[in-house]
Amino acid sequence: MTASAAESLALLPPGLILILGALVLPFLRGRVQAALTLLLPLVSFAHLSLLSDGSTTNLEALGASLTVVRVDRLSLIFGIVFHIAAVLSALYALHVRDTTQHVSAMVYVGSAVGAVFAGDLVTLFIYWELTAVSSVFLIWASRSECATRAGLRYLVIQVGSGVLLLAGVVLHYRATGSLEFTRLIGEDGSLATAGPGVLLILAAFGIKCAFPLMHNWLQDAYPKATVTGTVFLSAFTTKLAVYTLVRGFPGTEALIGIGVVMTLFPIFFAVIENDLRKVLAYSLNNQLGFMVVGVGVGTELALNGAVAHAFVHIIYKGLLFMSMGAVLYRTQTSKASELGGLYRSMPLTAACCVVGAMSISAFPLFSGFVAKSLTLSAVAEGHHVWVWLGLLAASAGVMEHSGIKIPFFSFFGHDSGIRCKEAPVHMLLAMGIAAFLCIAIGCYPTPLYTLLPFEVDYAPYADLGHCLTQLQLLLFAALAFGFLMRTRLYPPEVPSVNLDSDWIYRRWLPRIVRAVGGVGAEASAALGALAGRWLALALRGVHLLHGPRGVLARTWSTGGIALWAILCLFGYLLLAFTR
Amino acid sequence: MNEGAKRGMFEEPRNVDRLFWGLAAVCGALVVLELIVGRHAEFPFEGWPGFYGVFGFAVFVTVVLIGKRLRRFLRREEDYYDR
Amino acid sequence: MDAQLPALQIVIPLLAAPLCVALRASRAAWLIAVTACWSSLAVAISLLRRVLAEGEAISYHVGGHAPPHGIELRVDALNAFVLVIVTGISAVVVSASRASLSEELPEKRHYLYFAATLLCMTGLLGMTVTGDAFNVFVFLEISSLSAYSLISMGRTRRALTAAYQYLVMGTLGGTFILLGIGLLYMATGSLNMADLAERLCGMESNRTVQAALAFIVLGASIKLALFPLHIWLPNAYAFAPAMVTAFLAATATKVAFYVLVRFLFGVFGTDFAFDAMHLDRVLMPLALLAMFSASTVAIFQRDLRRMLAFSSVAQIGYMVLGLSFASELGLAGGIVHLFNHAVIKSCLFLVMAAIAIGVGSTNIEDLRGIGRRMPLTMAAFVVGGLSLIGVPLTVGFVSKWILVRAALEAGLWPVAAMILASSLLAVVYVWRVVEVAWFQAPAEDAGALRRPPLGLVLSAWVLAAAALVFGVFTDATASVATRAARMLMEAGS
C-alpha cells in the first residue's frame, strides 16, 4: 500500500506541488502564509527524492504523446539546485506580507522546476510561458511606476521568447515529426545546416539566456523587482535557459563566440554602473557567458563545467543578491554613490557578501573555483587559445565588479555615515546557509561532481600550480584596484543612467515613431492626412459594421432575416448549379 | 584587500597603506612560490613566470580605464528615460 | 435492459415532461427534471462506454422493424459523445436552475419551464440518436417548438420578439431540412441514413441530390447559427431567461452542428460534398468570417449577454472551420471544440446568471469592481474566459491546437495564422470584462449586492473545473473525437 502510494506520488510532475500549493496561499494570511511558502519547496524537495533516474511519465494529449516528466541526471541536478534556491529564497522572504509575491514566486519556481523535467517541447513551452507570466509579478510587486513599466517590457520580451519557441516547435515538428526535447542541433554543431525551427528555438533560448543584444531585459528588470523578488528571479529564468541549451544545443560552435562576448562586454558596463543590484545583473550576464561557452565547446568536461557552474552560480549569485537586498531593505538604497562603510552596522551581512564575492571570483576553496576550472580546462583541452584568453580576462573582470566593487562600495570604502540595524535573523540565516554551501562545495566538491551529468575525472586541488596561478590572477587584480585607487585613476561612483541596448527600444524606436509621425504631420502633410484618413475610414468601417449599431450587431426585422436566409439559399443553389 | 578590512578601521590611511603593501608582498611571494612549485602549461605563453599575475593586473587596469572612457558616451542623467 | 438504452435515452425525458405538468409544484417538477436529466446522463455515459468498448455502432430497431423500412436508432462514437455533452450540460444547468429561475419566472409557472426543457432535450437527444433522416426533422421540430416557448418566458417583452424571430428562422431552417430530406427520398426512395449513404454512391451528378445537399446544408446552417445566418441568435440568447440561455447555448447549436456533420460525412460522404461539390470553398470563408466578424462585434457590445452570444457565433465558426478541412484531424478538432465550447459557454452563461442576480444588470459598465465583491463567481468567469481564448491548460487550447495542426496538415498556413489571430480578438473582449470587474473601483452609487444562490455558483464552478480538468487531461476528449472522426472519414470515403 505504502509502496504503491510512493510510486503514484513519484508519477506526480515535479513542480506541481509548488504550483498547486501556490493556489492555496491566497486563502492564508500573514505568518502562516510565509511559513507555507517556505514549507512548499521543502515538501517538493522531498518529493524530488522519490524520482528515479530514467523514469518518464507520458500523457496522450493533443493527438501526440507528451512526456510530461523525464528524469535523467541532467534534469535532476537542475531540479536539486532549483529547490535549494527556492528554499533559501523563501527563507529570505519570510518577512514578506504580500500575497502577490508569495503566490507568483511559488508558481514561478514550480514552473521552472516543471520545465527542467519536461520531456517534450510542448510541455516545455507551457512551463516556459508560465515562468514568464508568473515572474513578472515579482517586478510589479515593487508597486512603483518605473517597476510597472520595466515589468511590462520584461513581460513583452519573455512572452516574445515563448512565441518564438512555439513557432520553432511547430516548424521543427513539421520538419521531423518529433516533439521530443533532446539534442536539437546536428552532430556537426553547425547552425548553417540547422532547420529554421531549430534556429527559432535557439533564438527563444537565447533571449531567456540574455545573449548579447538580447540581454537588456535582465539589467532592466531585475534591479527593479522587490528585495526578495530579485533573489528569486536571479536563480531560475536564465539558468532554465542554460539547461535548455545544454540539453538542446551541446557542441554548437556559434555558442562559443556568443559566450565569450557575453563574458566580456558586461564587465565594462559593470565598472561604471552605480546601482549595485544592476552591477550584479551585469555580473549575472557575464557568468552566463562562461556557461554558454561550456555548452558551445560541448565535450563531456565542458558540459559538466557548464552545469556545475550553473549549480554553484545559483547559490552564490543568490547570496550576493540577498546581501545587497538586505542593504536595500535596511538603508532604502542600493546605489554605490550613497553607500559605504556599512560593515560597522551590518558585519554579518558584510561577511556573507564577502564569501559570495570570493566564490564568484573563483578563489580556491570557494565554490566558483571548482566549477569554473572545469570549463577553463575544457577550453584549454580544445586548444581554443583566444577563447581561453577571453575567459581569463573575464575572470579578472569578475574580480573587478563582483569580487571588489560590490563589497567595497557597500560595506567598506568611504563611510557614508549610514548607521542601520543588522539584517533580520531569517535573512542572515538564509545568507549563512548559502555562504556555508559556497565554502563547503569549494572545499569538498566530490558530492557536486557525482551529481554532474557525466563522469568527472578532475580534481581541482591536485594541481597545486593551478591554484597558485588562480590566486595570482585574482590578487594581482586586487592589487591593481589598490593601485588605481591610490593614483585616483579609479572612476568615482556617480549617480547616472548608462545607455545599453535597451536604448534602442526605449528611445530610438519611440523617437523614430515620433519622427515619422512628425514627418507625416508636417513635411508630407497630405500623405499623412491621407493615411490617417484611410485608417480612420477603415476603423469607422469596422465600427459601422460591427459597432453596437452596426449592421452586424443590430436587431434585424423578422422579414429581413427571412429574406436574407432565402437569398442565401438562392445564392448557394446558383453556386451549386453553375459550377 | 576587502577581506582585510573587517579587522581594522578601513578609513585610517595607515591601515590602508599596510593593506596595500601587504597585498603587494603576498603577490610577490606568489610569483616566487610559482617558480619553486612549478606547474604545467597548456599553451606556451602561459608557462612564462608571473604570466597570470601580469595578465590579471593588466586586464584589470585596462577594463577600468576603458570603462571610464565609455562613461563619456553612455552616461546620462538618472531620469533620462523618464523625460 | 442494456439493449433498450438507445430508446431510453429519448423516453426518459419524454415521459418526465408530462409528469412535470401533472405535478405542477415547482419543487416536485424540479426534482423530476433533475432526476430525468441525471439518469439520461447515466444512460448516455453507458452508451458511450459500450460503443467505445465494442468499437462498432449500436443499432436499435424501433418496434422491432428492421431498417431500411423500420425506424432505426443508431449510436456510434460520434453521437454517443454528443449525447453525453447534451445530457451532461442539461443535468448541471437544470440542477442549478430552480434557485435562479425564481428571479425571472413566477413560481407557479416553473413547471412549464421544466417541462419545456425536458421536451427540448427529448428533441435534441432524438435528433442525435436517430438513424433515420425523417426522424431528424420530427425531433428538430419538437426541440425547436419547445425552445421557442422557453425563450418567450423571458422577463421583458423583447423576449417575445426574439422568440418570434427564432420561430421564423427555425421554421425556415426546419423546412429547408425537410425539403432536402424530401429531395433525397425522391432520388433514392430511402430515409434510413446508412441506406441513403449506400444508395447515393455514384449519384454525384444528380441535380436532385445536389439540391438536397444545398437545402440540408443551409437548413442546418441556420439552426447552428453559421455566419451570416446567425442573426436570430444574439437576441434569442440575450432575452431568454438566463438558465434557458445557458441550456440552449450549450446544446441546441451543438446538436445542429452534429446534424450537419452527420449528413455531410455520414450520408453524402466527403467525395460528394467536398471533392465534387467543393463545399469547403463555401464553408471555410464563412467560418473565418464568423471568427473575425462576430468576435469584433463582441468587442463592441455593451451588454455581457450579447457579448457572450456573439462570441458563440465566433466559436461556431471554429467548429465549422474544423469540418471544412474535410480531414480526420480537422473534424476531430471541430468535434472537440463542440465539447469544449459547450462546457465553456454554459459555464459563462451561468456566471452571467449569477451576475444578473447579484448586480441586477448585465451591462458591462455596471460590473465595475465586482471581482472583489463576488470573487468566486468572477473567478469562474476568468477560468471560462481563459478557455475561450485558448490559453494552455484549459480546454480551449486543446481544440485550437488541433485545429491549427489540421490547418498546417492541409498546408493552409494563412488559416492557421488566422486561428491564432482571431484568438487575440477573444483576448480583447474577455479582458474588457476582466478589467472592469477586477481592476476598476466599484462605482460610488453601487447598490448593495445580492448574494447569488450557492447552487448557481457551484454549478458554474463544476463546469469551470471541467474546463480545467479536460484541459489538462486532454486525452479523454481528444481520443473520442479522433475515433469518431476516423469512423466518419472511413465511412464517408
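The values are calculated or read from the model by the stated rules, or taken from the named source; none is laboratory data. Keep in mind it's a predicted model, so treat the numbers as computed, not measured. FYI the Cβ positions are ideal-geometry reconstructions off the backbone, even for glycines, and counts take in every protein chain you see. What goes into the accessible areas is simple: the full protein's heavy atoms, side chains included, and nothing from ligands, DNA or RNA. Shrake-Rupley method; radii C 1.70, N 1.55, O 1.52, S 1.80 Å.
A few notes on this one:
- A straight Cα-to-Cα reach below 27 Å connects residue A:421 with the lysines A:224, A:278, A:317, A:335, A:405, B:6, residues fewer than 8 places away in its own chain not being considered.
- Heavy-atom accessible area order for C:204, C:72, largest first, 1.4 Å probe: C:204, C:72
- Stretch gain in nm, segment residue A:365-residue A:29, where the contour uses 0.36 nm per residue and the Cα spacing is subtracted: 116.7 nm
- Placing dummy labels 7 Å off each Cα toward the beta-carbon, the span from residue A:97 to residue A:534 is 5.9 nm.
- Computing Rg and the Kirkwood Rh from the Cα coordinates of chain C gives a ratio, Rg/Rh, of 0.96.
- Two-decimal ratio, the protein assembly as shown, of alpha-carbon radius of gyration to 2.2 N^0.38 Å: 1.08
- Taken residue by residue and averaged, Cβ atoms of other chains lying within 10 Å of the Cβ of A:545-557 number 6.
- If only the Cβ of Lys and Arg carry +1 and only the Cβ of Asp and Glu carry -1, the dipole of chain C around its Cα centre is close to 1380 debye.
- Between residue C:109 and residue B:17, the modelled label-to-label distance comes to 10.3 nm, taking each label 7 Å out from Cα in the direction of the beta carbon.
- Tilt relative to chain A, helix A:276-297 - C-alpha long axis, 0 to 90 degrees, to 10: 80
- Relative to the Cα centre, the charge distribution of the protein assembly as shown, modelled as +1 at Lys and Arg Cβ and -1 at Asp and Glu Cβ, gives a dipole magnitude of about 3480 debye.
- Charge dipole (the protein assembly as shown, unit charges on Cβ, about Cα centre) - positive-most of A:538, A:411, A:168: A:538
- The convex hull of the Cα atoms of the stretch C:212-297, projected and averaged over all directions, covers 5.7 nm².
- When the surface is traced with a 1.4 Å probe over the full set of protein chains, residue A:314 keeps roughly 10 Å² accessible.
- Ranked from largest to smallest solvent-accessible area, with a 1.4 Å probe on the protein heavy atoms, A:128, C:438, A:386 come out as A:386, C:438, A:128.
- Computed from the C-beta positions of residue A:440 and residue C:7 and an R0 of 56 Å, the FRET efficiency is 0.15 to the nearest 0.05.
- Averaged over its residues, the stretch A:1-249 has an accessible area of 34 Å² per residue, based on protein heavy atoms and a 1.4 Å probe.
- For the peptide C:475-484, the mean number of other protein chain Cβ atoms found within 10 angstrom of a residue's Cβ is 2.
- Among A:146-156, A:405-415, C:308-318, sorting by the average number of other beta carbon atoms lying within 10 angstrom of each residue, highest first, gives C:308-318, A:405-415, A:146-156.
- Cα principal axis extents for the stretch A:259-500, largest first, Å: 51, 38, 31
- Charge context of residue A:332, other residues only, Cβ under 14 angstrom, K/R +1, D/E -1: +3
- Sites residue A:501 and residue C:22, calculated FRET efficiency, Cβ-Cβ separation with R0 60 Å, nearest 0.05: 0.15
- More than 21 Å apart - percent of Cα-Cα pairs taken over the stretch A:294-438: 46
- Centre separation in Å (Cα based) which lies between the stretch A:64-132 and the stretch A:226-303: 19
- A simple packing score, the average count of other Cβ atoms within 10 Å per residue, orders the peptides C:226-232, A:422-428, C:65-71, A:376-382 as C:226-232, A:376-382, A:422-428, C:65-71, with the highest score first.
- Angle between chain A longest axis and helix A:253-272 axis [Cα atoms, degrees, rounded to 10]: 70
- With R₀ set to 60 Å, the beta-carbon distance separating residue A:489 from residue C:465 gives a calculated FRET efficiency near 0.35.
- Lys, Arg +1 and Asp, Glu -1 on Cβ, resulting dipole of chain B about Cα centre, debye, nearest 20: 260
- Using the Cβ of residue C:357 as centre and a radius below 15 Å, the other residues enclosed give a net charge of +3, where K and R count +1 and D and E count -1.
- Within the full protein context, the accessible area of residue C:253 is estimated at about 10 Å² for a probe radius of 1.4 Å.
- In a fully extended conformation the segment linking residue A:383 and residue A:554 would gain 54.1 nm over its present Cα-Cα distance, using 0.36 nm per residue.
- Of the solvent-accessible surface of the stretch A:288-397, computed with a 1.4 Å probe over protein heavy atoms with every protein chain present, carbon and sulfur atoms account for 62 percent.
- Extension gain, residue A:545 back to residue A:508 (0.36 nm per residue minus Cα-Cα distance, nm): 9.5 nm
- Accessible surface of residue A:38 - all protein chains present, 1.4 Å probe, nearest 10 Å²: 40
- Counted charge near residue C:247, where neighbours are those whose Cβ lies closer than 15 Å (Asp, Glu -1; Lys, Arg +1): +3
- The distance from the alpha carbon centre of the stretch A:439-476 to that of the stretch A:339-410 is 14 Å, rounded to a whole number.
- Projecting the Cα atoms of C:33, C:59, C:69 onto the charge dipole of the stretch C:22-75, computed from C-beta unit charges around the Cα centre, puts C:33 farthest toward the positive end.
- When all protein chains stay in place and ligands, DNA and RNA are ignored, the 1.4 Å accessible-area order of A:488, C:483, largest first, is A:488, C:483.
- Spacing of the modelled spin labels on residue C:448 and residue C:201, each 7 Å from Cα toward Cβ, amounts to 7.3 nm.
- Degrees, to the nearest 10: B:13-37 long Cα axis against longest axis of chain B: 40
- Inter-centroid distance (Cα atoms) of the stretch B:23-43 relative to the stretch C:23-88, Å: 88
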